[in-house]
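Data block below; observations after.
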Amino acid sequence: MKNLVAAFFVLCFALNLSAQKYPITQKKPHEIKKYNIAYNDNYEWLEDVESEPVKNWRNAQNETANLYLEQVKKKYDIAGKIKEYNAFSSSSLPEKIGTYYYKLYNLDKNKPGVLFFRKELNGEAIELFNPFKIYRDNVASIRNYRPSKNSRYLACAVSPDGGDRHEIRFVDFDKLNLLEDVVKDVKFSNIAWNKDSGIFYKRNSNQKTFEKDSTYLLYYHKLGTPSADDKLVFDASKSNLSYTHFTKGDQLFVILSDELSGKKSFYSASLNDPDLKLELFLETDENDQYITIIKNKVYFSKKNYQWGEVRAMDLLKANEEMSIVPQTYGHLLIDTYFTEEYLFCQYKNSGKYYVAVYDLQGHFIRKFFSPEGTTFSIKFYDEKSKNLFVSVYSYTLSPQNFKLNIDSGSIDPYYNDYLRPKPTLFPLDHFVTKNTSCKSRDGVDIPLTIIYKKGTAFDGNNPTLLKAYGGFGTVSGPSFEPGLLYFLEKGGVFCFAEIRGGGEKGDKWHTDAVKLKKMNSFNDFIDAAEFLIQEKYTSPQKLAITGGSYGGLVVGVAMTQRPDLFKVAIPVVGVFDMLKFEQFTVGRYHLDEFGSVDNPEDFKVLHSYSPYHNIKEDVDYPITYILTSEHDDRVPPLHSYKFAALLQNRPAQKNPVILKTRSDAGHYGKSSYQDYMDDKADFYDFLLYHLNS
């Protein structure tokens, strides 16, 4: 029946790319007035995404999108090429957790990854957890896993439908068999083991997928018992605060955070206590960032040191702080990795990355620099050899693996029987990575990473893709992507803008674009676009913009504020109705970022940039490809639905506006290799087709 209804919608219009016919979208006038500001929400009915009318509308939009993309593919169809690039790319090291080494592999291109483990780094890979064998579909995928203290059991979090609500299954390492235990309704939770006996997890209480999130309850599941008997350990529902939990040694720790004040309360319970009674042992009034607890010391960073630092507080000598690693101006501390002996601090300075090694008292040992244009991820530290194992990569270089010796300072490539050397896809100087900056309208330097093929002429005629994230203090870094390689090889220019709101220049870089200052983030992005045009990298007829999640909001704001600057806009799982963001899923966690519509000042700012509310009737907006996911319970698809509907249903809109909803997928899309490649191929086919036409 559903297919028949969807087919009916498709038959109601003739697909003609030049005429831009879309599925009929009912307009239900609804004027709202708040704080003396009147606005319309004529597509509010699309918020009921699980209703039959909205599903039928969504299916019809997908039919339109798929037919459109098939037309585009006739010119480019790059799927085969990016699969070839991917096949010849090298892969990163496994991660070591406890005793063993773990890595996901794609055994079937149409199925999600399978988890394998090795007892030795160069040992045989043993299949440990294959979600397809349990769920018998191509959707369920592994999202997290954690071995018990002595690696007797593995707890594996699985997303059955692509969303953030998971199930946890258990495997016995010795017998390699699946236990009967199943823990459901797990959300935004790490897996914290009670030795080898059971796990602590966060349980979600939502009755509907897209309602305001209610992940407040910390439970304990003991292996071999029904999940209905799981013990409630901590309830944050009354306080409406967020919390994290973990285990160390014989202790369970819970850190309760007040998101508005920054105050943190530390609780602990003995794992040997059957009641698991939590006791308050520390309170902090400042918005400090917790890192870890080792040998009775809490390691943390103070927010007023904006470039990042590490200090410690001895739990046996309350309130006695000591500086372990002070901040270095201009050198952003982006990650820390602790062992029982060493502290590894990963830094970024002017687009270059390095690791500084200290002992736990803060005595400096040495530095290791990443090659020009690359960054690296720390995989694990081997105590016997004193080697830190890392994977080095960039936008254009697939992962290369190295071991860094703490004693000698030597840096050596690492290969073994299953990680063999491969030639790079292109010579190392084939692409140029340029770290530069542009001036924002208020005189601030915005860092830019610009990548292009060596010898590219800057005459304003290059197809160019501008991307940003810029929210929540997130530090964005490069990631290798075969599709981008193809775009660059075909003469494209790629630019990533480190706009305010992110954390690339410290905590102040973030706070300078929150709440009432939020427009700084979007203005930086627009100013970066104008810089690329002014410097002849590209022109408005050759410039595309993209971003995902918060980055999708950035794209939505930019294209509605300055449609004249862009030829193509591709927002992915974006937030577009900022006057309702806090009513759904995780919006309640982000009031410190955006403010609240219940505050008059916040409301006026939110209304001033909300993409959905700033679409004008008489403007032809850029060619737009809106991508969302059916089960995205982080940024619900209703945002994309309403944004697309209003863009499409205006006489002035002549440029195509395409909406695609990925079925059986969540915030990060589908999980199989084939689906991932299809997504990327559609993206770059669409991009090149329109930028080169």
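The values are calculated or read from the model by the stated rules, or taken from the named source; none is laboratory data. Just so we're clear, the structure is a prediction, and the values are computed from it rather than from any experiment. Don't worry about glycine lacking a Cβ; one is built from the backbone with ideal geometry, like all the others, and counts go over all protein chains shown. The accessibility values were calculated without ligands, DNA or RNA, using every heavy atom of the protein model including side chains. Shrake-Rupley method; radii C 1.70, N 1.55, O 1.52, S 1.80 Å.
Scaling the Cα radius of gyration of region 554-674 by the globular reference 2.2 N^0.38 Å produces a ratio of 1.08. Modelled this way, with points 7 Å down the Cα-to-C-beta line, the labels at residue 361 and residue 439 are 5.0 nm from one another. Placing R0 at 45 angstrom, the Cβ-Cβ distance between residue 564 and residue 508 gives a FRET efficiency of 0.90 after rounding to 0.05. For region 529-596, the square roots of the Cα gyration tensor eigenvalues, ordered a ≥ b ≥ c, give a/c of at least 1.5 with a/b greater than b/c, which places it in the prolate category.
At 1.4 Å probe size, with the rest of the protein present, what percent of the exposed accessible area of the chain is carbon and sulfur atoms? About 48 percent, which is the carbon plus sulfur part of the accessible surface. Volume of the convex hull of region 414-565 (Cα atoms only), normalised per residue: 131 Å³. Each principal axis of the Cα cloud of region 165-216 was evaluated for its coordinate range; sorted largest first, these ranges are 42, 19, 12 Å. Could you please state, rounded to a whole Å, how far the C-alpha centre of region 645-667 is from the C-alpha centre of region 223-280? Comparing the Cα centres of region 645-667 and region 223-280, I get a distance of 43 Å.
Estimated translational diffusion coefficient (Stokes-Einstein, Kirkwood radius over Cα pairs, 37 °C, 0.692 mPa s) of region 321-410: 241 µm² per second. Counting only aspartates and glutamates at least 8 places from residue 536 when in the same chain, those with an alpha carbon closer than 18 Å to its own are 459, 527, 564.
Of the peptides 602-608, 171-177, the order by per-residue mean of other Cβ atoms within 10 Å, starting with the highest, comes out as 602-608, 171-177.
Phi angles of region 679-689 translate, via the Karplus equation with coefficients 6.51, -1.76, 1.60 and θ = phi - 60°, into HN-Hα couplings of 4, 5, 5, 4, 4, 7, 4, 4, 4, 5, 4 Hz per residue; Gly and Pro are given as x. Does region 387-458 come out rounded, prolate or oblate, given a ≥ b ≥ c as the square roots of the eigenvalues of its C-alpha gyration tensor, rounded meaning a/c under 1.5 and, failing that, prolate meaning a/b above b/c? Note, shape of region 387-458 comes out oblate.
Treating the angle as unsigned and between 0 and 90°, give the value, to the nearest 10°, between the Cα long axis of helix 600-609 and the longest Cα principal axis of the chain. The angle comes out near 60 degrees.
Which net charge results for the neighbourhood of residue 162, defined as the other residues with beta-carbon distances under 12 angstrom from its beta-carbon, given Lys and Arg at +1 and Asp and Glu at -1? Net charge in that neighbourhood comes out at -3. Counted over all Cα-Cα pairs of region 455-533, pairs farther apart than 15 Å make up 60 percent. Under conditions of 25 °C and 0.890 mPa s, region 509-561 yields 208 µm² s⁻¹ as its translational diffusion coefficient, taking Rh as the Kirkwood radius over Cα pairs in the Stokes-Einstein equation.
Quick one: accessible surface of residue 322, probe radius 1.4 Å, all protein chains present, in square angstrom to the nearest 10. Here the accessible area works out near 70 Å². Judged by the mean number of other Cβ atoms found within 10 Å, the most tightly packed of the peptides 621-630, 360-369 leads the ranking 621-630, 360-369. Straight Cα distances below 16 angstrom link residue 103 to the aspartates and glutamates 95, 120, 124, 127, 417, with same-chain residues fewer than 8 positions distant left out. Peptides 95-102, 26-33, ordered by how many other C-beta atoms sit within 10 Å of their residues on average, highest first, read 95-102, 26-33. Convex hull volume per residue, computed on the Cα atoms of region 205-257, equals 110 Å³. Extent along the principal axes, Cα only, for region 173-319: 48, 39, 29 Å, with the longest axis given first. The reciprocal of the average 1/r between distinct C-alpha atoms defines the Kirkwood hydrodynamic radius, which for the chain equals 26.9 Å. Taking all protein chains into account, the per residue accessible area for the chain stands at 42 Å² (1.4 Å probe). Measure out, as a whole number of angstrom, how far apart the alpha-carbon centroids of region 467-492 and region 519-597 sit. Rounded to whole Å, the Cα centres lie 16 Å apart. Among the listed pairs 187/680; 34/616; 27/642; 231/263, those with a Cα-Cα distance over 18 Å are 187/680; 34/616; 231/263.
Using heavy atoms of the protein chains and a probe of 1.4 Å, the accessible area assigned to residue 445 is about 60 Å².
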